[in-house]
Amino acid sequence: MYKSYDYRCGLCDHRVTELFRREEQPDTLDCENCGEPDIMRQALAAPMVLKASYPDGHKRGEKWQMTKAAAALQQEAARAKKRKDFKEAAKLNKEAQGVAKRVEGKRDNVDK
């Protein structure tokens with residue numbers, strides 16, 4: 001597997017990106033611009049991961065899951081209403097309202 005490595009010349013500030021296999025990658029190269037024999041590999045910062053970027057439901061509390069379930073029930077009720085299945089739509093809406101009421105009284109204890 002190849003990986004890209006960034007190098008920067010200390011004299012002329014020339015930057016270059018090279019592809020190497022992990023086991024073959026040298027710490028220094030010769031500068032193509034000025035001929036400096038030892039340009040150093042740059043250390044790059046690790047990527048930042050935000051909590052919001054986790055997959056859906058990961059590290060989220062029960063309140064979030066219940067809110068999501070209520071929304072799904074409301075969507076299903078809308079689909080049933082569109083199919084003219086009003087009995088099913090009323091049942092799903094009632095269930096969604098019940099879940100929404102339970103969410104109001106919940107407290108989330110996430111990452112404490």
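The values are calculated or read from the model by the stated rules, or taken from the named source; none is laboratory data. As the structure is a prediction and not an experimental result, all values here were calculated from the model. Note: ideal-geometry Cβ built from the backbone for every residue, glycine included; neighbour counts use all protein chains shown.
Computed quantities for the displayed model
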{"item": "Unmet requirement for Lys84, which otherwise passes all of (1) part of a helix (DSSP H, G or I); (2) at pLDDT 75 or above", "result": "(1)"}
{"item": "Selected residue (criterion: modelled with the lowest pLDDT) from residues of segment 20-35 that are surrounded by 10 or more Cβ atoms within 10 Å (Cβ to Cβ) and part of a strand (DSSP E or B)", "result": "Thr28"}
{"item": "Flag if Ala70 is outside any helix (DSSP H, G or I), at pLDDT below 90 and not assigned by TED's automatic domain parsing to the domain that holds Glu18", "result": "no"}
{"item": "Answer from Asp38, Asp6, Asp108 - the residue that is surrounded by 11 or more Cβ atoms within 10 Å (Cβ to Cβ) and modelled with pLDDT of 80 or more", "result": "Asp6"}
